[in-house]
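The values are calculated or read from the model by the stated rules, or taken from the named source; none is laboratory data. In this text, all values refer to a predicted model and were calculated from it rather than measured experimentally. Keep in mind that these areas ignore ligands, DNA and RNA; they rest on the heavy atoms of the full protein, side chains included. Shrake-Rupley method; radii C 1.70, N 1.55, O 1.52, S 1.80 Å.
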Amino acid sequence: MKKILITGTLGQDGSNMSEYLLRDKRNKVYGMIRRSANSNFINCRGFLDNPNFQLVYGDLTDEVSIAKLVQEIQPDYFINFAANSFVGCSWDMPLHVLDTNTGGVIRCLEAIKKHQPNCRFYSAGSSEQFGDVDYSPQDIKHPMKPRSPYGASKCAAHHLVKVYRDSYDMYAVHGVLFNHEGIRRGEEFVTRKISKGVARIYDTIKSVENWRHRHGQAARVKPIELGNLDAKRDWSDSEDFMEGVWLMLNQDDPKDYLLASGETHSIREFVEKAFDVADFHGTWEGEGIDEKYIDKGGPHEYVLVEVNPDFYRPAEVEVLHGDPTAAEKGLGWKPKISFDDLVMRMVEYDIRQCLGKNENPPYSNS
Ligand code: G4F
């Protein structure tokens with residue numbers, strides 16, 4: 001049996017990876033969680049009672065806990081998805097970001113070096129490392145030019161993984177993952193904020209249509225408030241990436257790869273596609289902080305999106321666009337879920353949730 005220790009289990013990637021690995025009954029997955037009064041297990045409901053899954057306590061900022069887990073479990077693989085992962089708040093708590101995202105990786109590497117040197121280690125890198133990009137699409141050789149404390153923390157982690165690999169002959173890889181989303185995505189990230197917002201507006205207008213609408217009244221719709229609409233991101237589905245991460249961990253020799261869709265889309269395009277799924281068709285009006293996305297197609301005019309400068313960042317990564325061809329050649333990996341399907345899946349899922357059809361966030365390939 002292969003023993004796999006995963007951090008960030010309650011989050012999108014940790015839960016998707018656990019589910020992906022538990023499909024093979026020869027894998028035993030240890031999912032690390034931090035102690036909290038209010039842990040949210042919603043992403044894990046589908047596998048919490050799987051006999052090959054076990055929750056274990058630990059914290060990336062506590063080297064004692066990391067060392068203890070590696071010593072006791074003796075994992076064959078250690079997949080580190082835990083992070084302070086929200087770029088937007090990394091300016092508010094830069095030291096915590098560095099301690100978790102960089103210091104945490106050192107603690108993992110040290111624990112492996114000392115207690116289980118044959119364990120293969122995956123470090124979750126980010127396209128935020130490229131930051132103020134020199135060229136598009138970006139490949140793994142693109143210079144690191146981070147624009148946020150978060151991006152800087154991931155650059156340092158990338159260097160450290162290489163240093164440990166070269167210094168101690170460890171199997172350690174740092175996968176540079178472009179944005180990856182899905183129905184387990186946290187609401188602070190822009191795609192889920194939009195898909196949930198679309199579902200909320202859909203629910204408000206459609207439920208009002210049943211009674212209020214008949215009296216000729218408009219629904220009271222709260223628009224989605226967004227920051228920079230012009231930023232472009234290379235979005236994939238998180239589930240697609242899990243296979244790529246696993247392949248990266250199972251090469252003959254450790255090598256870093258970049259995972260991306262190979263397409264880039266603006267926040268504005270994501271908004272349009274998401275509202276299309278719910279059959280709202282707006283137009284953009286105004287400029288800068290006065291810009292709005294307005295649906296004038298029905299008997300009432302609805303402002304669906306407006307700009308709130310509170311969501312602007314002190315420094316922005318304007319465009320990310322990854323080149324996945326090296327991963328395709330080296331790992332035989334390529335993304336399966338298209339941008340349109342990703343948006344559709346997220347919005348349809350959130351609409352179903354709003355309409356009261358509660359489901360476990362499923363892993364679609366299982
Ligand atoms: O969804 P985001 O917060 O993701 P971001 O910053 O690209 O980071 C994500 O992807 C990285 C990989 O590239 C990961 F490493 C990282 O952990 C995380 O998963 O923001 C995307 C874009 C930004 O340009 C942001 O300024 O959307 C823009 N945006 C516009 N309005 C907004 C909003 N972002 C958020 N979160 N909320 C808004 O209202």
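Miscellaneous remarks
- The residues of the chain have, on average, 45 Å² of accessible surface per residue, using a 1.4 Å probe with all protein chains present.
- Relative contact order, whole percent, for the stretch 60-145 stands at 37, derived from Cα pairs under 8 Å and 6 or more residues apart.
- Cα pair distances exceeding 13 angstrom across the stretch 27-87, given as percent: 68 percent
- Cα-Cα separations in the stretch 168-323 greater than 29 Å, expressed as whole percent: 32 percent
- The helix-based estimate of mean residue ellipticity at 222 nm for the chain, built from -39,500 (n - 2.57) per DSSP H run of four or more residues and divided by its residue count, is -11000 deg cm²/dmol to the nearest 500.
- Quarter of Cα convex hull surface for the chain, i.e. mean projection, nm²: 18.6 nm²
- Distance from the stretch 255-294 to the stretch 49-116 (C-alpha centre basis), Å: 34 Å
- Translational D in µm²/s for the stretch 228-314 (Stokes-Einstein at 25 °C, 0.890 mPa s, Kirkwood Rh from C-alpha pairs): 154 µm²/s
- For the listed residue pairs Lys25/Lys113; Lys2/Lys196; Lys154/Lys336; Lys141/Lys196; Lys154/Lys292; Lys193/Lys329, the alpha carbons are over 32 angstrom apart in Lys2/Lys196; Lys141/Lys196; Lys154/Lys292; Lys193/Lys329.
- Within the accessible area of the chain (1.4 Å probe), percent carbon and sulfur: 48 percent
- Take every pair of alpha-carbon atoms less than 8 Å apart whose residues are at least six positions apart; their mean separation over the length of the stretch 245-309 yields a relative contact order of 18 percent.
- Of Leu331, Leu69, Leu355, the one that fluctuates the most in a GNM where the chain has Cα springs shorter than 10 Å: Leu355
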